[in-house]
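Every number in this text was worked out from the coordinates using simple rules, so none of it is lab data. Predicted, not measured: the structure shown is a model, and the values here were computed from it. Cβ atoms come from the backbone with ideal geometry, glycine included; neighbour counts cover every protein chain shown.
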Amino acid sequence: MSLLLGFTLYAPLGSFGSIAVGERRESWDRPAKSAVLGLVGAALGLDRADELAQAALSKGYGYAVRSDASGQLLADYHTAQVPPNRRGFPTRRDELKSNRLETILSRRDYRTEALHTALLWARDSSPATLEEIDAALREPCFVPYLGRKACPLGLPLVPRLLDSDTLVGAFLAYDKEMSRAERALRDNLGLCLNDRGPIATDVDLPVPHGGRPIRRERRRDDSVNRSGWRFELRDELILLRELTAE
């Protein structure tokens, strides 16, 4: 049996990150690990510029997420100013310091009405205990948001410490431990919940996954340098809930 921390991720408008190339900023259909740990770091009061603390946070926890409602894709088009030759500008701030700027059309993708349940487990190098994170999610130091600052949360995070023999069992235990009021808040959203939505998890599980994996995926969402927006590849195991819910 292992200790895990579950919590709810919902916002009317969210952005789940992707490979950012050129003028388009896409969004995955589920929250990236780096974004969720960034939210945890904000709750703990970690400064984004504190590279040592951010690196310890990135390496200190395993992550799994269950897609309860994937939401709908929303594309936001707007104009942005950039230098004619964008090479040699490592950051957006450096681009805006250029003496010559042109206007381009930029697109940013969001997900509307998306609901996910996240699980964390501590590794040997974890900088904070799950109990400390649980307390921080209840009373966050900095305002948490879902992907971008324009995406405030639409439900409380509802953190729960869970003891489970399997990963799937931990998700089921989280559902059972929600209070009547917390469940009513979620139900009143009127979301079209998908009871067959997938579970995506880090491959180094502290407990058996308790289901039948269908594939592996590789995502570039393991933060290396948060201020420099550098990310490493991370392997995920994908489980279908219809094959795992028992």
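Using a cut-off of 15 Å between alpha-carbon atoms, which aspartates and glutamates can reach Lys33, once sequence neighbours fewer than 8 places away in the same chain are excluded?
Asp202, Asp204, Glu217, Asp221, Asp222, Glu232, Asp235, Glu236
Under the classification rounded if a/c is under 1.5, otherwise prolate if a/b is larger than b/c and oblate if not, where does the chain fall, given a ≥ b ≥ c as square roots of the Cα gyration tensor eigenvalues? Can you show the working numbers first?
Numbers: a/c = 1.81, a/b = 1.57, b/c = 1.16.
Because a/c hits 1.5 or more and a/b exceeds b/c, the chain counts as prolate.
Taking Cα atoms, how many degrees apart are the long axis of helix 167-177 and the longest axis of the chain, rounded to 10 and kept between 0 and 90?
Long axis of 167-177 versus the principal axis of the chain: about 80 degrees.
Output wanted: per-residue J couplings in Hz (rounded whole) for segment 79-84, from phi through Karplus 6.51 cos²θ - 1.76 cosθ + 1.60, θ = phi - 60°, x for Gly and Pro.
Here the 3J(HN,Hα) series is 8, 9, 9, 9, x, x Hz.
Could you give the angle, 0 to 90 degrees to the nearest 10, between helix 33-44's Cα long axis and the longest principal axis of the Cα atoms of the chain?
Tilt of helix 33-44: around 80 degrees.
To make sure I understand the rule: partners must be aspartates and glutamates, Cα under 20 Å from the Cα of Lys176, and not fewer than 8 residues away in the same chain. Which ones qualify?
Candidates past the 8-residue exclusion: Asp68, Glu131, Asp134, Asp163, Asp165, Asp187, Asp195, Glu242, Glu246.
Restrict the search to segment 56-101; then list the trypsin sites (Lys or Arg not before Pro) that DSSP places in a loop and that have at most 14 other Cβ atoms within 10 Å of their Cβ. Could you put the intermediate results ahead of the total?
Details: sites: Lys59, Arg66, Arg86, Arg87, Arg92, Arg93, Lys97, Arg100; in loops: Arg86, Arg87, Lys97, Arg100.
Those that pass, being in a loop and sparsely packed, are Arg86, Arg87, Lys97, Arg100.
Check which residues have an amide H placed less than 5 Å from Leu101's amide H, if you skip close sequence neighbours.
For Leu101, whose amide H was placed from the backbone, there are no distant partners under 5 Å.
For the chain, what does the helix formula give at 222 nm: sum of -39500 (n - 2.57) over DSSP H segments with n ≥ 4, over the residue count, nearest 500 deg cm²/dmol? Before the final figure, lay out the partial values.
Values: 7 runs with 58 residues, N = 246.
Dividing the helical sum by the residues of the chain leaves -6500 deg cm²/dmol.
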